[in-house]
Each structure stands twice: as structure tokens, then as C-alpha cells.
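The values are calculated or read from the model by the stated rules, or taken from the named source; none is laboratory data. Computed from a predicted structure; not experimentally measured. Cβ sites come from the backbone with ideal geometry, for glycine too, and all protein chains shown count toward neighbours. With ligands, DNA and RNA removed, areas are computed over all heavy atoms of the protein, side chains included. Shrake-Rupley method; radii C 1.70, N 1.55, O 1.52, S 1.80 Å.
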Amino acid sequence: MMLSPIEEGFYYDFEVPEPFSPEDLEKIEARMGEIVAEKAPFTREEVNHDEILKLYQERGETYKVDLLENTISDETVSIYTQSRFRDLCRGPHIPHTGFVKAFKLTSSSGAYWRGDERNTMLQRIYGVSYPKRGMLDKYLGRMEEAKKRDHRILGKQLELIAISDEIGPGLILWLPKGARVRNEIENFWREEHLKAGYELVYSPHVARLGLWEKSGHTEFYRESMFPEMKIDNNSYQLKPMNCPFHMAMYRTKRRSYRDLPLRWAELGTVYRYERPGVLHGLMRVRGFTQDDAHHFVEPDKIDEELDWLISFCLHILKSFGFTEFEVSLSTRPEKKIGADADWESAEKGLRKALQKAEIDFTVDEGGGAFYGPKIDIIIKDALGRRWQCSTIQFDFSLPERFDLSYVDSSGELKRPLMIHRALLGSIERFFGVLLENFAGDFPLWLAPIQARILPITDELNTYAGEVMTALKKVGIRVETDTRSEKIGHKIREAELMKIPYMLIIGGRERDSGAVSVRRRGEGDLGAMGLNDLITRLETEIKSKALSPKKQPK
């Protein structure tokens, strides 16, 4: 194999009889230190493709042979030599090994060759290297913090989600507390979409195979689809996307230019066959809910629709606390469908909308899908990690395949332009990103339990029940810890469960009809009457404040 660079670091795959242990990584690191001390130069040479292929065939280097036969097609390939090590590599390289001042092998794991479980399971070693020790220390600090924020650990610790072998890999069980957070996300999503002029739709989870043949999914997307099912002598398919259903909805009646733009949005659960090696908690699953939308627009109204749509996307993302974005515009690829004039118009519209919104963006020339150009919006979380969320994408294929039309102002049939739009990406993945971004310490409006009542003694449980009833009556998510434990223990457990408000009840509070309030992140706030507490909680929830002291702009 070849050393493979990734966004932050590198990896190398090995075929070995046993997985690498932490002790193995330590030994490899020690040897790396010796090689760095040698200051061995890297030398590059260009060799004939067929000659080096023959050499690796003779040596039995099956993986390098595979790369040369199926991936690397240039007449010549570059080889780098350092000390006694010689390997395929595109380069460029540093002058010699002494330039590596700080490095760390971070982990090892199994990895199927080419990501296909039908191939051999290899052992992959990940690592990082930096020109300065301080840069490595900063990276390791970030990684340590990332471990603490791992959504799989927090999801279990905070009783939010579960993944069960009995159910199957890549399929999420939403526990009551996780379901509450999800419900708040979805409620906010629905409210904002309805206010913005969207109409919400629902579609089935399966459809006859003919729908997917018509949409092109069986032709272009078959490997990511579950096997078809036979029902009443007909073939049916679990949906991998919502789009074809929205096409069918559009065709239920004749549309007029007066109906456009149509903005249809759906929280639609889809099913995709992801290979076992890539499944990862909430971030890569087999069943997930897309926050999908499709806009059907008159061609001459596309500019104003894009202006509006970009603004709406950023508004939703900012509402969840994300303020740093990376945006890219992907243009027409070599293999495409649709007229060049349509592509030029669509790309021009996307570019113009980004410029009008004063958004910095990069251009990925030829990076668009075969059916249309797109804008991708990447968010940065609290650790500076990048997550792909929103996509705004033209589609010249589906309106054509489903023969969509509308009657224009002169009575002629015209083809509408269609925009795909995923905003959060998927509820599962976005929930995982939120969980890690907030380290499980959700803002009050999202917190699964917003307040926990902590009576100091059992005799105060009756009053605690009255307080809980009063809070539940106004919609506060509250619970009471009636265990016969010391109050310090109850507070510590509430802190570990990251509950925003702890309401402590002693005899004085009961007698005065009050509670002693402790706010996570602020500490003790003193005694409050129930009405004052409810006003405070409702105000904070309504404001969608991201933390006790920071209001969203």
C-alpha cells in the first residue's frame, strides 16, 4: 500500500496475522524516532508503469498490483526511497526525515481493502506529524477533548440513544430522553419551515421498484440500496431518498405559474445500505431521517429563490449555535445531463446568490453531480471540526424523467427548475454533531430534562410533587429525585447528567412556597418563588439561548 494523507494526519494499511496492540505502536514509534534521527533524505524517481507493475507482481505485492492495475493509469509513476524503504508515492516530500520534529501514532483499527467487506481485512495505523512539538501537543489536547465529547459515550451516559445487535447495525434506538431532544429539534424545524412558506409533506417508506427505475436510482445508486422485496408478486424497494415521491406529488394535478414557487419539505426516514466498515454511531447509519426539501421554481425566478434559500439555511444553522461556515460551489462535471445553457444559468445563479450574501466560497470545478451544480455548507463545531450539513442542489434529471411541467402566463407548458435542499443533513447525524458540540450540556430549550427537583429529606417529597406539577403544567420538562440520599450526592449526579436547573427544597423553601435554584454553569442563584422561577425558565426557553449568559444573535 501507499501512505495515505487525510485531513489531519495519515494512515498506512498492513496485512498482518494479528491486530496491532498499543505496545506494537510504541515499538513502531521508537523505530520512527531512530529513522528521524538518521536525517535520511527522500529521493524521487519516475519509473515506467508496466515495469514497476511487473516487479510488484513478481514480489507478490497484491495490493500495489491492484492499485497499479485499477487506480494508477499514468505511463510513469513516482517512487520515493528513504534509507532502505522504497514505495509508491505521488509526493512531494520533505527533504529528509530530520524535518519531522513531532509525531504520534494515534490509533489502529481494522479496515477492509478498498472499504469493501468482501475484501481482506487489513490493519490500519493512524498517525500525525508536525514541524513543532507545540503543534502536536495542541492536537493531542483537542483529541483528548474530542474523546470526552464522543457522542457514542455521551449518548449512553446521558441515556439518549442505544444501538443493539438484536436490532441490527446502523439502526438507532431513540430512548425517551434522546427522543425529547429530537422532538425539540424537529418542532423548531417544522415551525421555522411553516413560517417561511414551506408546505410539509409525508411519503411512504417503500415503493414499487418501477418508481426507482424511473428516477434512475436503480441505475446510479443500486449499491447503496437494500435488496428489493416481493409483495403480491410485485417488487418493492425501501426508499433511499425522498425525491421521487415529491415528483409523484407534483404530478397529482396540473400546475400553473401562479402556484410557483412550490416549497415542499419532509422529515423523511430513508434506508441505505452502508458497508459495515463505515458505520459509526449516529454519524453513519443505515436508517436516518433526512430534512429534505424540494423547490419547484420558474426559471426566471431562480435568483430570488436562491437568495432567500441561502439566508434561510444560515438562519437555521445559526439558531443552533453554529456561526463559522465553509462554503463551496461545485460546477458541471465532464459527464452530465441537461443542456449547457441550463448549467450555465444554474451555476451563475448559485454564484450570484453567494456573492450577494457576501459569503466567501471556493469553487470545485467539475465537482457537481451529473444531474446539476450545487452549494455545500460545512459548519465548524466547538473544537473547530468540520461537518457537512446543508446542500443546495439543482436537478435537471428528475423533472425530465418525470415529465414535470407548469402552464406559464401565456398558456404554454414549461419545465420548472427544481432545487434539492437538505438543511441539517440528517436528524441522526445533526443530533450527534450537536451532542459533541455542546459536550452533552444542551441549552435549556433542547435539554431532555430541564430541571430536577432535589428534596433534602423524604418529608419534603409532597411539596416537591407540588412543584413538579406546577412546572409540568406550563410545559417544563422536570423530574424529582426522591431517593434517600444526601443532597450533595443528588447535586453531583444531576451535574453528571448535565441537567440545567437543580431545584433544592428544604423546610424553609417549603414554608415560603419557594425553591433554592442552582443553574449549571452559573452556580447557586438563591431562593425563588415558583412564579419567578417559571418566568425565568419560560423566558430562557423562548429565547432559544445557547447558554445561560449568551443569547443567539
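Quick notes
- Averaging Cα coordinates gives a centre for the range 107-145 and one for the range 497-528; these two points are 46 Å apart.
- Tensor-based shape of the range 278-343 (alpha-carbon gyration tensor, a/c under 1.5 rounded, otherwise prolate or oblate): oblate
- Pairwise label distance in nanometres, Leu496 with Glu466, each label 7 Å out on the Cα-Cβ vector: 3.2
- For the range 466-553, the extents of the C-alpha atoms along the principal axes are 43, 27, 21 Å, listed from largest to smallest.
- FRET efficiency for the Lys335 to Glu192 pair, using the beta carbon distance and R₀ = 35 Å, is estimated at 0.40.
- The fraction of all Cα pairs in the range 121-162 landing in successive 5 Å bins from 0 to the largest distance is 5, 19, 15, 15, 15, 16, 10, 3, 1, given as whole percents.
- Note on the range 384-421 and the range 153-223: Cα centroid distance 22 Å, given to the nearest whole angstrom.
- When the Cα positions of Asn531, Cys89, Met135 are compared along the charge dipole of the chain, Asn531 comes out farthest toward the positive end, with charges on each C-beta of Lys, Arg, Asp and Glu.
- Extension gain, Arg31 back to Glu304 (0.36 nm per residue minus Cα-Cα distance, nm): 92.2 nm
- Using the Stokes-Einstein relation with a Kirkwood hydrodynamic radius computed over Cα pairs, the translational diffusion coefficient of the chain at 25 °C and a viscosity of 0.890 mPa s comes to 89 µm²/s.
- Cα gyration tensor shape of the range 154-269, rounded if a/c is under 1.5, else prolate or oblate by comparing a/b with b/c: oblate
- In order along the range 364-371, phi translates into HN-Hα couplings of 9, 5, x, x, x, 6, 4, 9 Hz, rounded to whole numbers, per the Karplus curve 6.51 cos²θ - 1.76 cosθ + 1.60 with θ = phi - 60° and x for Gly and Pro.
- Neighbourhood charge, 10 Å Cβ-Cβ cut-off, centred on Leu460 and excluding it, Lys, Arg +1 and Asp, Glu -1: -2
- With every protein chain in place, the range 313-418: carbon and sulfur % of accessible area (1.4 Å): 45
- Normalised by residue count, the range 80-155 yields a Cα convex hull volume of 137 Å³ per residue.
- A helix-only calculation puts the chain at -10500 deg cm²/dmol for mean residue ellipticity at 222 nm, using -39500 (n - 2.57) for each DSSP H run of at least four residues, averaged over all residues.
- Spherically averaged projected area of the convex hull of Cα atoms, the range 298-428: 9.0 nm².
- Residues in the range 305-334 that a label on Glu358 would reach, taking backbone N under 20 Å of a point 7 Å out along Cα→Cβ: 306-319, 322-328
- The range 294-335 versus the range 349-376: alpha-carbon centroid distance in Å: 9
- Relative contact order, percent, the chain [alpha-carbon distance under 8 Å, six or more residues apart]: 10
- Shape category assigned to the range 435-516 from the gyration tensor of Cα positions, a/c cut at 1.5: oblate
- Aspartates and glutamates with Cα under 20 Å of Lys39, excluding same-chain neighbours fewer than 8 positions away: Glu29, Asp87
- Over the range 221-369, Cα pairs under 8 Å with separation of 6+ residues give a relative contact order of 20 percent.
- Mean accessible surface per residue for the chain, computed with a 1.4 Å probe while every protein chain stays in place, in Å²: 51
- Length-normalised contact order of the range 39-104 in % [C-alpha pairs under 8 Å, at least 6 apart]: 46
- Ordered by solvent-accessible area of protein heavy atoms (1.4 Å probe), largest first, the residues His217, His96, His315 come out as His315, His96, His217.
- Per-residue HN-Hα couplings for the range 44-60 [Karplus 6.51, -1.76, 1.60; θ = phi - 60°; Hz; x = Gly/Pro]: 10, 9, 9, 10, 5, 4, 5, 5, 5, 4, 4, 4, 5, 5, 5, 7, x
- Counted by Cβ distance under 14 Å from Ser73, the other residues give a net charge of -4, where Lys and Arg count +1 and Asp and Glu count -1.
- Of the peptides 337-346, 220-229, 420-429, 264-273, the ranking by mean beta-carbon count within 10 Å, highest at the top, reads 420-429, 264-273, 337-346, 220-229.
- Over all pairs of different C-alpha atoms, the range 246-357 has a mean inverse distance whose reciprocal, the Kirkwood radius, equals 17.2 Å.
- Taking a Cβ cut-off of under 13 Å around Glu117, the surrounding Lys, Arg, Asp and Glu residues balance to a net charge of 0, with basic ones at +1 and acidic ones at -1.
- Once the Cα gyration tensor of the range 158-219 is diagonalised, semi-axes √(5λ) in Å: 28, 24, 8
- Computed on the Cα trace of the range 420-480, the radius of gyration divided by the Kirkwood hydrodynamic radius gives Rg/Rh = 1.20.
- Whole-Å semi-axes of the ellipsoid equivalent to the range 37-114 (Cα gyration tensor, √5λ, descending): 25, 19, 11
- Here the accessible area is traced with a 1.4 Å probe on the protein chains. For the range 425-553, carbon and sulfur cover 50 percent of it.
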